[in-house]
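Each remark here refers to the structure printed beneath this line.
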Number of protein chains: 2
Amino acid sequence: MSTYTAINLAQRPVPGPIRSDTFEVVKKETPKVGPGQFLVKQTYMSLDPAMIGWMSSDTKSYIPPVVLGDVMRSSGLGEIVESNHPDFHVGERVMGLMGWTEYFLSSGPGLNKVQAGLDPTMVLSVFALPGITAMQGLYGVAKPKAGETIVVSGAAGSVGSIVGQLAKADGLTVIGVAGNAEKCHWIVDDLGFDGAINYKTDDISAKLAELAPDGVDIYFENTGGAIQKHIFEAMNAHGRIAVCGMIADYGTDSPSAGPNWIPIIKKRLSIQGFTMPDHYAEIPGLITKLTPYVMQGKIKHRAHILDGLESAIDGLNLLLTGGNNGKLIVKL
Amino acid sequence: MSTYTAINLAQRPVPGPIRSDTFEVVKKETPKVGPGQFLVKQTYMSLDPAMIGWMSSDTKSYIPPVVLGDVMRSSGLGEIVESNHPDFHVGERVMGLMGWTEYFLSSGPGLNKVQAGLDPTMVLSVFALPGITAMQGLYGVAKPKAGETIVVSGAAGSVGSIVGQLAKADGLTVIGVAGNAEKCHWIVDDLGFDGAINYKTDDISAKLAELAPDGVDIYFENTGGAIQKHIFEAMNAHGRIAVCGMIADYGTDSPSAGPNWIPIIKKRLSIQGFTMPDHYAEIPGLITKLTPYVMQGKIKHRAHILDGLESAIDGLNLLLTGGNNGKLIVKL
């Protein structure tokens with residue numbers, strides 16, 4: 001009887017780095033494929049900042065927390081290796097929320113076929129959560145206009161790097177905030193951002209004044225943390241802030257305070273949080289709108305590949321520290 | 001040669017109560033009314049929280065600060081006592097930004113005629129800045145739906161009391177936050193709010209949980225201050241926050257910190273600041289929409305009348321402390 005490996009959420013994370021005993025590696029029996037079902041062998045798993053939130057017990061969040069003892073939730077890409085389903089055939093590739101598991105039994109809902117010929121890291125880095133999140137946040141929330149100035153935090157991250165490139169293609173001045181010199185070089189030299197701020201070494205206010213002398217029209221927030229108040233202070237009248245992630249505050253005991261709200265009135269700012277589960281119906285349209293940017297070579301990506309299912313556990317800590325260079329992907 | 005009295009802004013306010021030497025009371029020569037001009041004798045002046053902001057030197061605010069040495073800016077109501085203008089006649093009443101002055105010379109722009117028969121305090125309390133601000137914030141920003149729960153801070157204030165009554169008329173559950181027992185009784189017993197929180201004596205979180213057991217859908221923010229974080233924490237998914245005023249923080253040296261932004265993502269909150277100068281073109285429409293509520297007796301008001309031009313100076317401190325009971329108006 002054949003078995004495969006999966007990883008369950010064993011306990012809720014506590015503040016600080018994710019510990020290995022947060023999870024339990026388990027052996028499972030390879031399931032029998034019933035009528036109308038098919039079996040996927042997962043080949044690549046995506047590690048995303050949102051997963052940190054899914055592990056917590058906050059029942060008021062936008063999707064239910066992962067149940068303790070269940071397979072850890074994640075999205076990934078795989079190949080169909082066995083099928084009794086009329087529309088899903090052996091050899092086809094599918095993408096969806098399969099979780100931390102080598103094999104996934106499905107009857108179809110929630111899984112989407114992946115076009116042949118696309119590189120797997122391109123699929124997970126661009127045509128998956130990062131790309132649609134960037135599209136929704138930029139066009140659905142921030143509503144950019146050519147000539148405006150946008151600041152993107154987490155700019156070398158999976159979402160931030162796409163947001164910045166889309167904005168650049170649309171004629172905005174694009175400033176990225178990242179956490180080391182290599183990332184700052186990458187977003188400017190390879191991705192074409194107009195400027196970069198290293199939040200660990202630069203005087204953020206001074207650098208922001210230099211790069212955005214006329215102020216900031218759009219703030220695409222992926223991280224939170226100490227940079228927030230500086231960018232907030234530089235906002236122009238009628239500025240828009242799309243709040244996509246607060247990774248710098250997720251793993252902390254006491255999240256940092258936000259800025260006082262007086263500028264929200266004085267500058268008539270708009271601050272809007274969003275998450276993709278509210279916008280599932282819009283995903284096909286977002287992908288359609290994203291595709292020409294990618295096909296015209298305007299969206300570059302890079303992947304940081306970890307090897308083997310169990311590497312996912314410690315991999316989450318790279319998201320918390322910003323230690324990854326590129327979209328974090330686990331190759332199975 | 002006849003003279004009249006006006007009050008100029010002499011220096012920028014410093015943190016703490018407004019001091020009398022912030023202003024200078026001056027005698028001016030009654031002007032000659034030229035061709036196309038008319039002279040207004042101001043009879044009632046409105047004191048509004050926004051005026052505190054207009055006195056500061058923040059050039060990035062939504063309207064330019066009052067220039068030092070100029071007449072202090074304010075809106076008011078007056079009667080035309082002399083006219084060489086074809087459309088404005090002696091005996092007619094007009095309303096507009098006339099400032100702290102007994103007489104105002106105009107050629108028309110910025111002044112609007114006031115319908116005969118309306119009580120002056122009703123005009124300044126409802127059909128002026130408070131009413132249009134309430135309309136714009138509630139319908140233009142917060143977009144209420146029957147059955148939702150709204151919390152209004154500064155609920156016994158000029159804007160908050162109208163917001164709450166409009167929301168009540170529209171079928172929402174309305175909770176007001178005010179600073180003394182008398183105000184709390186007034187908004188519940190006279191205005192029909194569903195509940196009141198006395199932020200000075202109540203356990204805000206506990207009272208909020210009791211009055212809004214299903215959470216808060218709309219937060220109409222007029223004050224800022226310590227209550228903010230409690231209401232923010234009680235927001236429901238897709239909650240809307242209209243930021244209209246931060247009076248509790250205007251007069252302080254170091255405004256209080258805002259809440260951390262994680263709930264903005266988890267609950268997909270929308271926070272929008274607004275001020276009326278962005279919406280001048282919409283004012284006639286807002287007045288049209290407000291009128292039936294008033295005519296049907298759904299909008300009650302009360303005025304706190306001060307006597308004489310110079311009472312305006314110390315009157316501003318009532319806005320900072322919440323010491324006024326009703327719309328603050330100076331009778332000249």
Signed unit charges on C-beta, dipole axis of the protein assembly as shown, positive-most listed residue B:W186, A:N198, A:V90: A:V90
Cut-off 19 Å, label 7 Å out along Cα→Cβ of A:E92, residues of segment A:272-301 by amide N: A:284
Estimated distance in nm for a label pair at A:K298 and A:A181, the labels positioned 7 Å out from Cα along Cα-to-Cβ: 3.3 nm
Coil-residue trypsin sites (Lys or Arg not before Pro) of segment A:61-153, DSSP, other Cβ within 10 Å capped at 12: A:K145
Distance (nanometres) between label positions extended 7 Å along Cα→Cβ at B:D203 and B:V67: 5.6 nm
Compactness of segment B:218-327, expressed as Rg and Dmax over alpha-carbon positions, Å: 17.4, 52
Charge dipole (segment B:275-315, unit charges on Cβ, about Cα centre) - positive-most of B:G297, B:G315, B:P284: B:G297
Nitroxide proxy distance, nm - points 7 Å out along Cα→Cβ at A:M122 and A:L105: 3.5 nm
Cα pair count fraction exceeding 24 Å, expressed as % - segment B:138-286: 26 percent
For segment A:82-185, the spread of Cα positions along each principal axis, largest first, Å: 53, 29, 23
Kyte-Doolittle at least -1.0, axis length at least 15 Å by Cα - qualifying DSSP helices, chain A: A:158-169, A:283-295, A:311-321
Highest-MSF residue in chain B out of B:G273, B:G96, B:G53 [GNM, Cα springs under 10 Å]: B:G273
Choice from B:N222, B:N317, B:N112 with maximal GNM fluctuation in chain B (Cα, 10 Å cutoff): B:N112
Check: the protein assembly as shown dipole with +1 on Lys, Arg Cβ and -1 on Asp, Glu Cβ, in debye: 680 debye
Top of A:V141, A:V26, A:V114 by mean-square fluctuation, Gaussian network on chain A, Cα under 10 Å: A:V26
Cα-based reach from A:K27 at 18 Å (exclusive), listing lysines while leaving out same-chain residues under 8 positions away: A:K41
Rg/Rg_ref, segment A:147-193, where Rg_ref = 2.2 N^0.38 Å and atoms are Cα: 0.98
Other-copy label distances relative to A:I283, 7 angstrom Cα-Cβ extension, nm: 4.9
Part-to-part distance (alpha-carbon centres) for segment B:105-175 and segment B:20-61, which is given in Å: 23 Å
Per-residue Cβ neighbour rank within 10 angstrom, fewest leading, B:W100, B:W186: B:W186, B:W100
Debye log10 I(q)/I(0) for segment A:31-102, one point scatterer per Cα, at q = 0.15, 0.18, 0.21, 0.26 Å⁻¹: -0.59, -0.76, -0.90, -1.09
Cross-link pairs beyond the 22 Å C-alpha cut-off, checked among B:K113/B:K168; B:K168/B:K331; B:K168/B:K327: B:K113/B:K168; B:K168/B:K331
Using distinct alpha-carbon pairs, which all enter the 1/r mean, Kirkwood radius of chain B in Å: 20.6 Å
Normalised convex hull volume, the protein assembly as shown, alpha-carbon set, Å³ per residue: 177 Å³
Ascending list, in nanometres, of distances separating the B:D214 label from those of the other copies (7 Å, Cα toward Cβ): 4.8
Electrostatic dipole magnitude of segment B:238-332 [Cβ: Lys, Arg +1; Asp, Glu -1; Cα centre; debye, to 20]: 740 debye
Rg/Rh (Cα only; Kirkwood hydrodynamic radius) as it applies to segment B:274-332: 1.08
Nm distances between copies for A:T30, ranked from closest, using label points 7 Å along Cα→Cβ: 10.3
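Rule-based calculations on the coordinates, nothing more; no lab input. Owing to the predicted nature of the structure, the values given are computational and were not obtained by experimental measurement. Cβ coordinates were reconstructed from backbone atoms using ideal geometry, including for glycine residues, and neighbour counts include every protein chain displayed.
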